[in-house]
1. With springs connecting C-alpha atoms under 10 Å apart, model the chain as a Gaussian network and identify which of Glu25, Glu40, Glu89 has the largest mean-square fluctuation.
2. Using helices alone, I'd like the mean residue ellipticity at 222 nm for the chain: each DSSP H run of four-plus residues gives -39500 (n - 2.57), total over residue count, nearest 500.
3. Counting other Cβ atoms within 10 Å, keep those with at most 15, restrict to DSSP loop, and tell me which chymotrypsin sites (Phe, Trp or Tyr not before Pro) in the range 16-119 are left.
4. How long is the chain along each principal axis, judged by its Cα atoms, biggest number first, in Å?
5. Enumerate the residues in the range 39-58 having an amide nitrogen under 14 Å from the point lying 7 Å beyond the Cα of Phe85 toward its Cβ.
6. Over the range 6-104, what relative contact order in percent results from Cα pairs under 8 Å that are six or more residues apart?
7. How large is Rg/Rh for the range 1-63, to two decimals, with Cα atoms and a Kirkwood Rh?
8. In whole Hz, with x marking every Gly and Pro, tabulate ³J(HN,Hα) for the range 97-114 from phi via Karplus 6.51 cos²θ - 1.76 cosθ + 1.60, θ = phi - 60°.
Amino acid sequence: MSDGNPCLDCGMCCVQFRVSFYWGEADDAPDGFVPVALTEKLDPYRRCMTGSNTVPRRCVALEGQPGEQVSCTIYDRRPTPCREFPSHEADGAPNPKCNELRAQIGLPALTPIVPVQAA
Ligand code: SF4
Ligand code: SF4
């Protein structure tokens, strides 16, 4: 793994799950921020990212090729499920689900992040 963001060569969580969230996160709601044009209505309470509700899944906001190089075109406006699926836990341990997903496309497992010691 490089010392950069490990998600940039992965993207598997963007092509494996239905990315659904409370409708109020979409930007047609007063405090929303997710571009509503990139979403679909699921029910009266929830929307999902377009492309993530049917198999094969691929969130419409994903750019690039999973397993090679990817980016989220709405990174600063991504919905809660994306924000709550980190590559590493707060203690620096890798997210085990990430390593399962990465293994599916032959990417190396994530390693723990060692906290920086204060000088
Ligand atoms: S599956 Fe994990 S490592 Fe891969 S892009 Fe998603 S959060 Fe990052
Ligand atoms: S919004 Fe961005 S981070 Fe979330 S699934 Fe789509 S491409 Fe991935």
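The numbers here are math on the coordinates, done by the rules we state, and not lab data. Note that this is a predicted model, so its numbers are computed, not measured. Cβ sites come from the backbone with ideal geometry, for glycine too, and all protein chains shown count toward neighbours.
1. Glu89
2. The helix-only estimate for the chain comes to -2500 deg cm²/dmol at 222 nm.
3. Answer in residue order: Phe33, Tyr45.
4. On the principal axes, the chain reaches 48, 36, 20 Å in Cα extent.
5. Residues 48-55, 57-58 fall inside that zone.
6. 31 percent.
7. 1.06
8. 5, 4, 5, 4, 5, 5, 4, 4, 10, x, 7, x, 5, 6, 10, x, 8, 8
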